[in-house]
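**Q** The structure's right below; bear with me while I get my questions together.
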Amino acid sequence: MPGTAPEDRRPDDRRAVFRQYVDAVGLHGMAGAEAAGLQPSEWFALSHLTREGPLTSGELSARTGLTTGATTRLIDRLQRAGYVRRTTDPGDRRKVLVEPVPYALADVDDVVSPARRRIAELLDTYSADELDLLFDYFSRAAPAFHAATDEIREAAGPRRRTTAADRL
């Protein structure tokens, strides 16, 4: 409820607010991928690469939850689009690393700049203590979402994903 202090909200209201937040973040990710001409899985993989630096195909596969074959095809698409390149691991010349191409990421930065600007403006309205609390939540919530994602994938197993129309 707008104008209601968070501690006065009913649990159902909080759940709705949280779902709206998660949906908005997910929708923003899909819109960003589309605007950059990428599939959501490509956008997600590129996010990992720009945040973590070069990764092997296997490491990228583990981060994205894709099979090794799907990850290879994803890397091929990102390479064709000019977002990544394959390089030899300097520590082990038998390994191939996938790394982001920095100058190609300017387009991606342009795509996400409205969200960065708006979120920065929002964060500027919080006190230092409130920001500490928010970022503590972010640091704890991300691993919780990753663990939940792993649980969902394990429960789904290799079975075919069906649509609502398939179940009718």
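**Q** Apply the a/c threshold of 1.5 to the C-alpha gyration tensor of the stretch 11-168 and tell me whether it is rounded, prolate or oblate.
**A** Verdict is oblate for the stretch 11-168.
**Q** What's the magnitude of the charge dipole for the chain around its Cα centre, counting Lys and Arg as +1 and Asp and Glu as -1 at the beta-carbon? Answer in Debye, nearest 20.
**A** Around 940 debye, computed over the chain.
**Q** Evaluate the relative contact order of the stretch 1-157 (contact order divided by residue number), counting alpha-carbon pairs under 8 angstrom at least 6 apart; express in whole percent.
**A** Reported relative contact order: 15 percent.
**Q** Next question. Tally Lys and Arg at +1 and Asp and Glu at -1 over the other residues with C-beta under 12 Å from the C-beta of Ser41: what net charge comes out?
**A** That sum, taken over residues with Cβ under 12 Å, equals +2.
**Q** Please report, as a whole percent, how much of the solvent-accessible surface of the chain comes from carbon and sulfur atoms (probe radius 1.4 Å).
**A** Roughly 56 percent, rounded to a whole number.
**Q** Another one. Kindly identify the stretch 84-152 as rounded, prolate or oblate by the Cα gyration tensor criterion: order the square roots of the eigenvalues as a ≥ b ≥ c, call it rounded if a/c is under 1.5, otherwise compare a/b with b/c, prolate if a/b is larger, else oblate.
**A** The shape class here is oblate.
**Q** Here is a further query. Counting Lys +1, Arg +1, Asp -1, Glu -1, what net charge surrounds Gln20 among other residues with beta carbon under 12 Å of its beta carbon?
**A** +1
**Q** Between the stretch 84-115 and the stretch 32-60, how many Å separate their Cα centres?
**A** That distance is 9 Å.
**Q** Give me the 1.4 Å probe accessible area per residue for the chain, excluding ligands and nucleic acids, in Å².
**A** Computed with neighbouring chains in place, this is 72 Å² per residue.
**Q** Classify the stretch 18-75 as rounded, prolate or oblate from the Cα gyration tensor: take a ≥ b ≥ c as the square roots of its eigenvalues, call it rounded if a/c is under 1.5, otherwise prolate when a/b beats b/c and oblate if not.
**A** In terms of gyration-tensor shape, prolate.
The values are calculated or read from the model by the stated rules, or taken from the named source; none is laboratory data. Remember, predicted model here, so these are calculated numbers, not experimental data. With ideal geometry, Cβ positions are generated from the backbone for all residues, glycine too; neighbour counts draw on all protein chains shown. In case anyone asks, the SASA skips ligands and DNA or RNA and just uses the protein heavy atoms, side chains included. Shrake-Rupley method; radii C 1.70, N 1.55, O 1.52, S 1.80 Å.
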